[in-house]
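Student: Here it is, the structure in full.
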Amino acid sequence: MNPNSADFYNRVYKVVAQIPEGKVTNYGAIAKYLGVESGARMVGYALNNYLSGKLEFPIPAHRVVNRLGYLTGRAYFDGDTMRERLQQEKIVFIDEYQVDMKLHFWDPQVELSES
DNA sequence: AATGTGACGGAAC
DNA sequence: CGTTCCGCCACAT
C-alpha cells in the first residue's frame with residue numbers, strides 16, 4: 001500500500017465521504033486506515049487536489065482536521081467556510097479554529113469494518 | 001539531479 | 001499542547 005498508487009486519492013475521498021455529520025477525523029487516521037501510516041501529508045494533498053478539481057459528488061472535506069483538532073486546511077476554503085460548516089453541524093469549538101476532538105473524533109479504523 | 005515545500009505527526013523539552 | 005526538531009513523501013522548481 002503506497003500513497004503514490006493511482007487510486008490513493010480516490011480511496012481518501014471514499015473514506016471522507018463516510019464521515020458522519022457532526023463528526024470529524026484527522027489526516028493520520030485516514031492514512032492509517034488506508035494502510036499508509038506515513039501518508040498523513042498525502043491525505044492533505046489529496047483533499048487539496050479535490051478542492052481544485054471536481055468530483056462526481058461532493059464530499060465533506062471540512063470534516064478533516066489535524067490530530068489536535070485545528071482547522072489547518074481552512075485557508076483552502078472560501079473565506080471562513082470550513083469553520084462555518086462545522087459550527088453549522090453543532091460541532092463544539094474549544095478555540096477560534098480548534099474543534100473538540102474528545103467529543104467529535106470519528107476513527108475510520110473503528111467505525112468502518114469492511115468495504 | 002538537487003533542493004525546498006507542505007491540509008502531518010510524534011518525540012523531546 | 002507552547003517550541004523545536006525530525007521522519008515522512010509527492011511535487012514544484
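Student: Cβ-Cβ distance below 7 Å, separation of 6 or more or different chains: which pairs start in segment A:78-95 with a residue that is assigned to a helix (DSSP H, G or I) and end on one that is open to solvent by 90 Å² or more (accessible area, probe 1.4 Å)?
Tutor: A:MET82/A:ARG74; A:ARG83/A:ARG74
Student: Check A:GLU21 against each of (1) open to solvent by 90 Å² or more (accessible area, probe 1.4 Å); (2) farther than 15 Å from A:ASN10 by Cβ; (3) outside any loop (DSSP other than H, G, I, E, B) and name the one condition it does not meet.
Tutor: Here A:GLU21 clears every test but (3).
Student: In addition: State whether one or more residues within segment A:46-57 are farther than 22 Å from A:MET1 by Cα, among the hydroxyl-bearing types (Ser, Thr, Tyr) and either without any contact (Cβ under 8 Å) to a residue 12 or more places away in the chain or outside any loop (DSSP other than H, G, I, E, B) (or both).
Tutor: So far as segment A:46-57 goes, yes, one or more of its residues are farther than 22 Å from A:MET1 by Cα, among the hydroxyl-bearing types (Ser, Thr, Tyr) and either without any contact (Cβ under 8 Å) to a residue 12 or more places away in the chain or outside any loop (DSSP other than H, G, I, E, B) (or both).
Student: Restricting segment A:96-107 to residues that are assigned to a loop (DSSP other than H, G, I, E, B) and open to solvent by less than 80 Å² (accessible area, probe 1.4 Å), which is farthest from A:GLY44 (Cα to Cα)?
Tutor: Going through the qualifying residues, I end up with A:ASP100.
Student: Just to check your reading of the model, which residue among A:ALA61, A:ALA29 is of a type in the set (Gly, Ala, Ser), under 14 Å from A:GLY73 (Cα atoms) and surrounded by 20 or more Cβ atoms within 10 Å (Cβ to Cβ)?
Tutor: A:ALA61
The values are calculated or read from the model by the stated rules, or taken from the named source; none is laboratory data. Bear in mind that the values here come from a model prediction, so they are computed numbers and not experimental data. Note that we place each Cβ from the backbone using ideal geometry, even for glycine, and neighbour counts take in every protein chain shown. To get the accessible areas, we keep the full protein, side chains included, count just its heavy atoms, and leave off ligands, DNA and RNA. Shrake-Rupley method; radii C 1.70, N 1.55, O 1.52, S 1.80 Å.
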